[in-house]
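Take a look at the structure below.
The values are calculated or read from the model by the stated rules, or taken from the named source; none is laboratory data. Note that the structure is a prediction, hence the values are computed from the model and not measured. Glycine gets a Cβ as well: all are built from the backbone with ideal geometry, and neighbour counts include every protein chain shown.
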Amino acid sequence: MTVTGTRMTQYARGGGCACKVSPGELEQLVAGLTVAGPAAPTVGELLVGLDNGDDAAVVRLDASTGLVATTDFFGPVVDDPYDWGRIAAANALSDVYAMGGRPLVALNLLCWPRDVLSWDLAADVLRGGADVAAAAGCHLAGGHSIDDPEPKYGMAVTGLVDPARMIRNDAGRPGLPLVLSKPLGLGVLNNRHKATGEAFPDAVATMTELNRDVAQRAVSAGVDCGTDVTGFGLLGHLYKLCRASGVSAVLDHRAVPYLAGAREAVAAGYVPGGTRRNLDWVAPHCDLSAVSPDEALLLADAQTSGGLLLAGAVPGVPVIGELVPRGDAVIRVR
């Protein structure tokens with residue numbers, strides 16, 4: 001871990017994926033956007049695009065090969081620049097894993113206030129991203145940088161997937177168990193870190209953990225429906241999955257894993273604005289009568305580099321609920 005004495009999080013208005021445009025506003029933004037096909041004949045068939053807000057775009061190149069394309073970036077979520085680089089890279093790569101694919105090549109995206117923060121700090125950020133890309137077996141081949149008042153970092157990632165073994169958010173069916181591969185609470189703990197400077201090593205370890213292994217196990221188990229849990233929280237991403245699949249879900253809140261300190265962070269008021277916006281958006285579609293307001297906030301907590309939410313049994317991944325036929329409430333928390 002790099003020790004700089006510079007509190008990187010103080011240069012960001014928000015924290016990690018909690019900075020996302022709220023799901024409701026984003027849907028309004030793209031509602032009228034019609035994506036026409038290429039004007040001229042092109043290579044490949046678009047398999048996954050804008051329709052269901054899936055984790056990445058997928059273009060079929062041939063019968064056994066699909067190209068996965070995604071991008072993700074955000075401001076400092078932790079004070080250590082090297083860890084921020086690692087977290088941002090793991091988060092960007094996660095979208096490829098969430099489709100059941102494997103990353104092939106990544107490009108850095110760097111925004112930097114050159115007159116405010118030293119280039120040494122930027123180098124630490126890039127080094128963190130490079131180390132995670134190397135661990136993922138993903139080529140890192142340049143990128144793009146701009147002078148910007150607020151530091152931001154992420155990656156554009158291209159990967160490969162077998163179209164016949166792809167994971168997507170519209171393939172859910174009643175009777176499938178729901179499993180979650182990482183604990184929740186990253187949003188509230190990151191917000192507490194930003195406000196107080198307290199360190200949460202378990203949160204950093206969770207955010208820098210690649211979703212590669214769980215994705216591989218899911219594909220091997222025949223799972224074809226899922227998503228990753230990031231800025232829209234567990235409830236938000238589950239709602240999108242259910243809506244795309246035409247099903248409902250029953251969620252057992254007692255089975256949902258949380259990071260140590262997450263409940264205390266909520267009780268102390270360290271709730272990101274993104275988390276509250278998530279809950280406002282999804283609450284009309286949920287039956288939350290079985291849980292407290294704090295528990296509802298945790299279930300909607302805006303995660304950064306969270307785990308995979310999968311519809312299907314995956315060895316070693318805890319079951320937190322199941323998909324059921326579509327009912328009045330899209331998500332019922334029991």
Open item on the list: Can you list residue pairs whose Cβ atoms sit under 6 Å apart, with the first residue in the stretch 240-251 being touching a residue at least 40 places away in the same chain (Cβ under 8 Å) and farther than 18 Å from Pro23 by Cβ and the second being in a strand (DSSP E or B) and acidic (Asp, Glu)? Count only pairs 6 or more apart in sequence or on different chains.
Closed with: Val250/Glu322
TODO: Could you please give the count of residues in the stretch 174-224 that are in contact with a Pro (Cβ under 6 Å, 6 or more places away or on another chain) and crowded, with 24+ Cβ neighbours inside 10 Å?
DONE: 2
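When you check Gly274 against the structure, is it farther than 30 Å from Pro325 by Cβ and at pLDDT 95 or above, yes or no?
Criteria not met by Gly274.
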- [ ] Enumerate the pairs (first residue in the stretch 94-110 and closer than 25 Å to Ile146 by Cβ; second residue anywhere and part of a loop (DSSP other than H, G, I, E, B)) with beta-carbon separation below 6 Å, excluding pairs fewer than 6 apart on the same chain, so at least 6 apart or on different chains.
- [x] Ser94/Asn211; Asp95/Asp55; Asp95/Ala56; Pro103/Ala136; Pro103/Cys138; Ala106/Cys138
Task: Leading residue by the ranking (farthest from the chain's Cα centre (by Cα)) among those in the stretch 141-160 that are within 17 Å of Gly85 (Cβ to Cβ) and among the acidic types (Asp, Glu) - done: Asp148
Open item on the list: Looking at Ala262, Ala283, can you tell me which residue is closer than 21 Å to Glu198 by Cα and either of a type outside the set (Ser, Thr, Tyr) or assigned by TED's automatic domain parsing to the domain that holds Ala199 (or both)?
Closed with: Ala262
Open item on the list: Considering only residues that are aromatic (Phe, Trp, Tyr) and touching a strand residue (DSSP E or B) at 6+ places or on another chain (Cβ under 8 Å), which ones fall in the stretch 69-106?
Closed with: Phe73, Phe74, Trp84, Tyr97
- [ ] Could you please give the count of residues in the stretch 64-120 that are in a strand (DSSP E or B) and aliphatic (A, V, I, L, M)?
- [x] 9
TODO: Report, by residue number, each residue of the stretch 79-93 that is under 13 Å from Pro151 (Cα atoms) and touching a Lys or Arg at 6+ places or on another chain (Cβ under 8 Å).
DONE: Asp79, Gly85
Open item on the list: Can you find, within the stretch 94-151, the residue that is surrounded by the most Cβ atoms within 10 Å (Cβ to Cβ) among those that are over 19 Å from Ala56 (Cα atoms) and in contact with a Lys or Arg (Cβ under 6 Å, 6 or more places away or on another chain)?
Closed with: Val132
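Collect the residues in the stretch 147-174 that are of a type in the set (Phe, Trp, Tyr) and not assigned by TED's automatic domain parsing to the domain that holds Phe74, keeping them in residue-number order.
At the first step, the residues of the stretch 147-174 found to be of a type in the set (Phe, Trp, Tyr) are 153.
Listed by number, the list is empty, since nothing qualifies.
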Open item on the list: I'm trying to understand the selection: among the residues of the stretch 229-247, which are surrounded by 24 or more Cβ atoms within 10 Å (Cβ to Cβ) and not in a helix (DSSP H, G or I)?
Closed with: Val229, Thr230, Gly231, Phe232
Task: Residue check for Gly269: small (Gly, Ala, Ser), at positive phi and at pLDDT 95 or above - done: yes
